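Nothing in this text is a laboratory measurement; each read-out follows from the coordinates by a stated rule. Owing to the predicted nature of the structure, the values given are computational and were not obtained by experimental measurement. Neighbour counts are summed over all protein chains in view; Cβ atoms, including those assigned to glycine, are modelled from backbone coordinates with ideal geometry.
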């Protein structure tokens, strides 16, 4: 999978806070009333060393659901057993578009055996890729035609997952918020994908880094967004990830808008980098979510 660490290094943020950055009225603990999830990319450096033990620490930190970002050469049955032993439910997994296109049958079989509800595309592709270009360098070269081509691919992949009884979605980073030929790519992806085949997992932090407003997207597309990623930043340009509640992102308006849609099914914390031992901050993230006051 393409490293999302590179997005942290190369991202250029528009410092537009919008209403998503303002404090709102008080919410109850565990906003949206959903089981708290963790995107396992957060512990990508720990899982290969101790897969089962790391999952148990995830549960001990306060998480009930997880979203995978790789399975470290483990079989679906091994993953399922490890999840059950930790008391976790793996409801979703991330894959780059190339894997979904080239290894669809293998991916589907793994997802079905594991009991996933969602398969999510985490990295888009180019209609005509440049072989020598690194993804972290080439993302600036996406043209509107590439985004429209990706929408076509998502419809095709989504149709196949739908036929197999799974939901398919797309997870944004910040580049989908940068206007391309006068168009915001995320708007175009939503507009050109079939609502019955393609849903969206909105990464609220990356939307803000890209200069967008999560509240605006939730208002305009209340039925297209079914999952959220939450993260925080001490600064946006360049983006510096931090523990939830210690940065500039205020989630009150975002959670209020999400609750109003009535369509959010899962919410995942994701923290890609740490200043303190990972599980110390991941527990802090979980505590922030459980005791949330906007």
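Details
- Estimated at 0.36 nm per residue, the fully extended path between residue 291 and residue 80 surpasses their Cα-Cα distance by 73.0 nm.
- Just so you know, the Cα atoms of segment 254-294 work out to an Rg and Dmax of 12.6, 36 Å.
- Pair-distance distribution P(r) for segment 141-207, from all Cα-Cα distances in 10 Å bins starting at 0: 22, 51, 24, 3 percent.
- Estimated inter-spin distance, residue 127 and residue 60, nm [label 7 Å along Cα→Cβ]: 5.2 nm
- Distribution of pairwise C-alpha distances over the chain, 5 Å bins, in %: 1, 5, 13, 17, 20, 19, 14, 9, 3, 0, 0
- Per-residue Cβ neighbour counts within 10 Å put 63, 221 in the sequence 221, 63, beginning with the fewest.
- Within the chain, percent of DSSP bridges classed antiparallel, to nearest 5: 15 percent
- Taking other C-beta atoms within 10 angstrom as a stand-in for reagent exposure, 178, 94 fall in the order 178, 94, fewest first.
- Relative contact order, percent, the chain [alpha-carbon distance under 8 Å, six or more residues apart]: 28 percent
- Taking 175, 227, 276 and counting other C-beta atoms within 10 Å, the order from fewest to most: 276, 175, 227
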